[in-house]
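**Q** The structure follows.
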Amino acid sequence: MKELKEVYKVEAFSDIDTEDLGNKVGVRMLKNCDYAIGIFSNQEKEEQEKIVKQANLTCDDLKSGDFYYLTNKTNIVPDTTHVTISKNMFLERMDNGRTYSLLVINWQDDCNFELEFKESNDPLKKELSTAGDKYKYEILANREKSIVLKVFWGEHEFQVEFFKGK
């Protein structure tokens, strides 16, 4: 507790911004602890069906547009992240537009791309990524109302569904 009070320059532990502290601890665990990422990975895999790559998949119509995806930050209230893709930009807006993350999108081929983190004002994403960090994605399915992506993070793979905007 003494070290935490020194780092946050507060007199009492109750004065520490617990959301900030939680973000720092959570991100450090995800970046440095195989056990923690394994638990997260297993939870994600149990919560959704496994999608196999769609035959004859084309992704040209997905290289620009508006999408959204749902995250469950608290296990109580889902949060919607809005995504705009245009040319080489990938913009995420969270918390009803109060926070954002800006990334550069580099298409590797028709259905594979890499995102390069540029900046964010979102406390968790700022903690998780620094300018220049890269993330790989593969589009697995192009459905009528959504697309399914495979996300590569270290040795782990996740699937996320992006819903097409109106």
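**Q** What tally of residues in region 93-115 results from selecting those that are acidic (Asp, Glu) and within 22 Å of Thr71 (Cα to Cα)?
**A** Within region 93-115, the subset acidic (Asp, Glu) is 95, 109-110, 114.
Subset that is within 22 Å of Thr71 (Cα to Cα): 95, 114.
Of the residues in region 93-115, 2 are acidic (Asp, Glu) and within 22 Å of Thr71 (Cα to Cα).
**Q** How many residues are closer than 16 Å to Val52 by Cα and assigned to a loop (DSSP other than H, G, I, E, B) when one looks only at region 135-166?
**A** Counting residues in region 135-166 that are closer than 16 Å to Val52 by Cα and assigned to a loop (DSSP other than H, G, I, E, B) gives 1.
**Q** Are there any pairs, at least 6 apart or on different chains, whose C-beta atoms fall under 8 Å, with the first in region 96-119 and aromatic (Phe, Trp, Tyr) and the second part of a strand (DSSP E or B) and open to solvent by 70 Å² or more (accessible area, probe 1.4 Å), and if so, which?
**A** Going by the 8 Å Cβ cut-off, the qualifying pairs are Tyr100/Arg93; Phe113/Lys136; Phe117/Lys134.
**Q** Same structure, new question: Which condition number does Ser101 fail, the rest of (1) under 15 Å from Ile85 (Cα atoms); (2) modelled with pLDDT under 95; (3) in a strand (DSSP E or B); (4) not aliphatic (A, V, I, L, M) being met?
**A** Exception for Ser101: condition (2).
Okay, residues lined up against (1) at pLDDT 85 or above; (2) surrounded by 14 or more Cβ atoms within 10 Å (Cβ to Cβ); (3) more than 17 Å from the chain's Cα centre (by Cα); (4) of a type in the set (Ser, Thr, Tyr):
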{"position": "Lys5", "(1), (2), (3), (4)": "no, yes, yes, no"}
{"position": "Ala12", "(1), (2), (3), (4)": "no, no, yes, no"}
{"position": "Arg28", "(1), (2), (3), (4)": "no, no, no, no"}
{"position": "Ala36", "(1), (2), (3), (4)": "no, yes, no, no"}
{"position": "Glu44", "(1), (2), (3), (4)": "no, yes, no, no"}
{"position": "His82", "(1), (2), (3), (4)": "yes, yes, no, no"}
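**Q** Something else about it: All but one of (1) more than 13 Å from the chain's Cα centre (by Cα); (2) assigned to a strand (DSSP E or B); (3) not hydroxyl-bearing (Ser, Thr, Tyr) hold for Ala131; state the number of the condition that does not hold.
**A** (2)
The values are calculated or read from the model by the stated rules, or taken from the named source; none is laboratory data. Predicted model only: the values in this text are computed from it and were never measured. Cβ sites come from the backbone with ideal geometry, for glycine too, and all protein chains shown count toward neighbours. Please note that ligands, DNA and RNA were not included when accessible areas were found on the heavy atoms of the full protein model with its side chains. Shrake-Rupley method; radii C 1.70, N 1.55, O 1.52, S 1.80 Å.
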